[in-house]
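Participant: Quick one: structure below, then a few questions.
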Amino acid sequence: MISGGRCLSGTVAVRGAKNAVLKHLVACLLAPGRHRISNVPGILDVEIMRRVLAHIGAATRGEDGTVEVEVPDDLVPEAPIHLVRQMRASILVLGALLARCGEARVALPGGDDFGSRPIDMHVGGFESMGARFTLSHGVLLAAAPEGLHGAEVYLEFPSVGATENLLLAGAMARGRTVIGNAAREPEIADLAAFLSKMGARITGAGTSTIEIDGVPRLSPAEHRAVPDRLEAGTYLMAGAITGGEVTVTECLPGHLRMELRKLEEAGCEVAIGEGEVTLRGPRRLRAVDFATLPYPGFHTDMHPQMVALLARAEGTSVMTENIYDARFRYVGELNRMGADITTEGQHVVVRGVAALSGCPVEAWDIRAGAAVVLAGLAAEGITTVAGAHHIDRGYQSLDGGLARLGADLRREAVPG
């Protein structure tokens, strides 16, 4: 329940990146023993991944932003449908289980509904490394009876998930694995840093070519996750849409270069410090055009929040979504609040309006939920956001962080 119209101001710190921590938890499966991951956000997706690891046989214990993972010598090489359907990142256990066990049974993934997101690149890469696949009753059966071997794999698109899966598998494959046209996201470099602490031999992570020289055995390690650039960007956009001044600390501003550039084009003042960013929003934002692209381009997971912000800008903005083919369900929710937004194929046309009005809306996924929350902060009257559990999958107490910045909002339980 959001009562809009307040200018946000103040300071808020971000936590570790969801898109890094989930992969660290999977990477632990590669080495028996006790691992320790810090800067872990208290979000639902982390809990789901811990359940996946528990099914596989690893015990986890977490408190105060730290998770310890105890990995046994023998694993159950399986990720069942009731867990995988809740979160797409579960598909990453495929590479780790093939490397450790020589086999895996993984249900086809679920997660947010952004349209078709095939795993063909994952499967094709593993086949180049000696794995064989069959599909039975919605479960992908993978086997590499002679173990995985190194291979040159050139991705047709710099897929984050495929790059991570091949990175996990290549860490213990025989010989050298080369991933061409690899994704360059900071979270991939962070995964490689964790694997290197475990004893993996990896060069080029964060560039378009990654080389991995497989080793026969890895060891447990400790690692602090990289800060969440998406959480940082969401808080900065909350300041922008309300015309306030917000400082985000414990972040890495360089990971938000394109997003900050577009906010400046929209009329925001941005000051970058050591591990922090301060944004001051204008009285009214200006329209800007942008397109989502692989890193270092504008992140697709910041697209809904940016569209919400531009819904109140002066002029017409055009956004092009180049990563996912169907992540526009939030548009209807913003239009219900008085926005003037139309979709044309992969393009979103945003004609800025002077004001939004609060009303009941739905959070269809993590970032769509963040978008309608941002719109509610700037809207006149009360905005009720249903489906807040989606937001909790990606943000630890987004409502609490916004309240610290001066937002007027609260949670209410829904009967049943």
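Participant: Of these, 76, 84, which one is touching a helix residue (DSSP H, G or I) at 6+ places or on another chain (Cβ under 8 Å), of a type in the set (Val, Ile, Thr), buried (at least 22 other Cβ atoms within 10 Å of the Cβ) and more than 30 Å from residue 277 (Cβ to Cβ)?
Facilitator: Exactly one of 76, 84 is touching a helix residue (DSSP H, G or I) at 6+ places or on another chain (Cβ under 8 Å), of a type in the set (Val, Ile, Thr), buried (at least 22 other Cβ atoms within 10 Å of the Cβ) and more than 30 Å from residue 277 (Cβ to Cβ), namely 84.
Participant: Anything in the range 35-64 that is small (Gly, Ala, Ser), modelled with pLDDT of 95 or more and closer than 18 Å to residue 18 by Cβ? List them, or say none.
Facilitator: Passing the criteria: 38, 42.
Participant: Shifting gears a bit: Consider residue 321 carefully, then state whether it is among the acidic types (Asp, Glu), more than 18 Å from the chain's Cα centre (by Cα), closer than 24 Å to residue 45 by Cβ and crowded, with 16+ Cβ neighbours inside 10 Å.
Facilitator: no
Participant: Can you tell me which of 68, 103, 63 is surrounded by fewer than 23 Cβ atoms within 10 Å (Cβ to Cβ), more than 24 Å from residue 302 (Cα to Cα), in contact with a His (Cβ under 8 Å, 6 or more places away or on another chain) and not assigned by TED's automatic domain parsing to the domain that holds residue 234?
Facilitator: Going through 68, 103, 63 in turn, the sole match is 68.
Participant: Can you give me the number of residues within the range 310-349 that are without any contact (Cβ under 8 Å) to a residue 24 or more places away in the chain and not in a loop (DSSP other than H, G, I, E, B)?
Facilitator: Final tally of qualifying residues: 5.
Participant: Taking interchain pairs and intrachain pairs at least six residues apart, which have beta carbon atoms under 6 angstrom, with the first residue in the range 363-387 and touching a residue at least 12 places away in the same chain (Cβ under 8 Å) and the second among the hydroxyl-bearing types (Ser, Thr, Tyr) and assigned to a helix (DSSP H, G or I)?
Facilitator: Within 6 Å, the pairs are 368/330; 370/234; 371/330.
Participant: Mind counting the residues in the range 182-239 that are closer than 30 Å to residue 6 by Cα and free of Cβ contacts under 8 Å to residues at least 12 places away in the same chain?
Facilitator: Qualifying residue count for the region: 0.
Participant: When you look at residue 350, is it over 19 Å from residue 239 (Cβ atoms), touching a Ser or Thr at 6+ places or on another chain (Cβ under 9 Å) and among the hydrophobic types (A, V, I, L, M, F, W, C), yes or no?
Facilitator: It is true that residue 350 is over 19 Å from residue 239 (Cβ atoms), touching a Ser or Thr at 6+ places or on another chain (Cβ under 9 Å) and among the hydrophobic types (A, V, I, L, M, F, W, C).
Participant: Have a look at 385, 361, 373 and point out the one that is in a helix (DSSP H, G or I), under 26 Å from residue 9 (Cα atoms) and touching a helix residue (DSSP H, G or I) at 6+ places or on another chain (Cβ under 8 Å).
Facilitator: 373 is the lone residue from the list that is in a helix (DSSP H, G or I), under 26 Å from residue 9 (Cα atoms) and touching a helix residue (DSSP H, G or I) at 6+ places or on another chain (Cβ under 8 Å).
Participant: Of the residues 242, 247, 292, only one is in contact with a strand residue (DSSP E or B) (Cβ under 8 Å, 6 or more places away or on another chain) and under 18 Å from residue 402 (Cβ atoms); which?
Facilitator: Just one listed residue meets the conditions, 247.
Participant: Same structure again: Name every residue in the range 16-50 that is outside any strand (DSSP E or B), surrounded by fewer than 23 Cβ atoms within 10 Å (Cβ to Cβ) and either basic (Lys, Arg) or not assigned by TED's automatic domain parsing to the domain that holds residue 187 (or both), in order of residue number.
Facilitator: 50
Participant: Here's another thing I want to ask about it. So in the range 270-318, with the set limited to residues that are of a type in the set (Gly, Ala, Ser), under 19 Å from residue 8 (Cα atoms) and out of contact with any Cys (no Cβ under 8 Å at 6 or more places or on another chain), which one is surrounded by the most Cβ atoms within 10 Å (Cβ to Cβ)?
Facilitator: 308
Participant: Same structure, new question: Of all residues in the range 260-303, which are among the β-branched types (Val, Ile, Thr) and in a loop (DSSP other than H, G, I, E, B)?
Facilitator: Within the range 260-303, just 288 meets the criteria.
The values are calculated or read from the model by the stated rules, or taken from the named source; none is laboratory data. Fair warning: this is a prediction, and the values are worked out from it, not measured in the lab. Ideal geometry is used to build each Cβ from the backbone, glycine not excepted, and the neighbour counts take in all protein chains shown.
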